[in-house]
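Scroll down for the structure; my scribbles are underneath it.
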Amino acid sequence: LEGQPSAVRNYKRLCDMYYGRIPMDRRDMWHNHVNYYLNCHLDVDRHIGAVLDALEASGQADNTIVIFTADHGEQGGAHHLRQKGSVAFQESVNVPLVIADPRHPGSGRTDAVGSHLDLVPTILAYAGLPEAERRKLYPLLKGHDLSGVVRDPTSVGPRGSSAKPGKGSLMTYDMIATIDAEWFSRNVSKVFDAAAAQAGQEFHRGMEAFKGLVNEIGVPNLEKREMFRGIFDGRYKLVRYFGMGNYNLPASVQQLLADNDVALYDLLLDPEEMDNLANPAHPKYDEKLLAAMNQKLNALITEEVGEDKALFTPPKEGPKK
């Protein structure tokens with residue numbers, strides 16, 4: 001994890017606390033973890049097969065478009081991490097999107113970039129709603145129709161591809177569950193006990209219980225740079241981590257580096273995302289590239305998020321312990 005933003009190392013500590021520590025040199029334990037994950041996929045695959053068999057038996061298979069996707073990936077041991085959280089490596093953010101259209105038999109793969117925001121526009125297009133009509137009926141709906149990429153997997157698509165990077169896909173993370181591993185390690189048992197105690201209670205009673213806990217143990221350091229905004233344009237990925245009290249839209253590279261912990265990867269030459277090109281000390285540091293990716297990220301945030309700010313006011317009660 002050398003050279004990665006501190007949020008990545010913080011998440012590694014949380015993985016060890018949440019799921020149990022696996023030493024980096026215990027390949028047998030990592031293999032067992034991956035085998036477990038693959039077995040989960042095998043189990044899910046059986047259920048998907050049951051649905052497809054039922055569709056075939058109903059006689060509707062030739063009149064049905066099937067879409068398979070997921071909400072997040074799985075680190076699966078990459079970078080010695082598990083699950084998903086405050087990291088934006090491909091293992092976590094790259095998800096499957098499989099579309100089976102009986103009008104276009106055969107199979108293919110595409111390097112075109114997509115986003116979860118594109119799912120609804122794509123489904124509406126398959127339902128027969130023209131793009132102009134969609135924009136008229138749903139002017140606030142974000143995203144792009146990807147059905148054209150399904151018809152021609154070699155096309156660049158509306159967000160770009162590995163062959164021709166474009167506007168890219170936005171990645172965001174705003175959870176406080178992974179903030180401040182040091183605070184969590186000191187208070188993990190009390191936090192879990194409080195969560196168990198409030199299970200089944202009315203919401204306001206549960207919140208009162210947590211407020212009492214905050215007064216006792218204090219709040220995490222919410223200024224730690226664990227939130228992130230990121231973009232992948234088909235080749236390059238920029239991720240900037242910031243504190244909960246410092247949502248920002250940096251106008252320059254200097255501001256970007258001052259207010260954020262930054263990572264920049266070239267996935268064409270570095271698919272494992274080991275070299276952080278945003279480090280000014282890196283021999284391949286390219287300020288022009290960093291500025292261009294920052295501009296792309298700002299444009300996507302403005303287009304797809306609007307005003308980018310904290311979703312709630314951080315709690316102030318209790319001492320920081």
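Here are the numbers for the structure shown:
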quantity	calculated
Dipole axis of the range 76-154 (+1 Lys, Arg; -1 Asp, Glu on Cβ), positive-most option in P102, I123, A112	I123
Dimensionless Rg over Rh [the range 1-101; C-alpha; Kirkwood]	1.12
Most fluctuating residue given options P165, P220, P102, as computed from a GNM of the chain linking Cα atoms under 10 Å	P102
Of K84/K136; K12/K142; K142/K284; K136/K288; K84/K190, pairs whose Cα-Cα distance is over 30 Å	K84/K136; K12/K142; K142/K284; K136/K288
Taking M29, M274 and counting other C-beta atoms within 10 Å, the order from fewest to most	M274, M29
Summed side-chain charge close to N246 - residues other than N246 whose Cβ falls under 14 Å, Lys, Arg +1, Asp, Glu -1	-1
Between 0 and 90°, nearest 10: helix 6-19 axis offset from the chain longest Cα axis	90
Calculated [θ] (222 nm, deg cm²/dmol) that DSSP helices of n ≥ 4 give over the chain, each run adding -39,500 (n - 2.57)	-12500 deg cm²/dmol
Among [x] 22.3; [y] 23.6; [z] 20.3, the entry derived from the coordinates for Kirkwood radius over Cα pairs in Å	[x]
Charge-dipole axis of the chain as Lys and Arg at +1 and Asp and Glu at -1 on Cβ define it, positive-most pick from F89, F68, T178	T178
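Bear in mind these aren't lab numbers, they're just calculated from the coordinates by the rules spelled out. All values derive from a computational prediction rather than experimental measurement. Note that each Cβ is placed from the backbone with ideal geometry, even for glycine, and that neighbours are counted across all protein chains shown.
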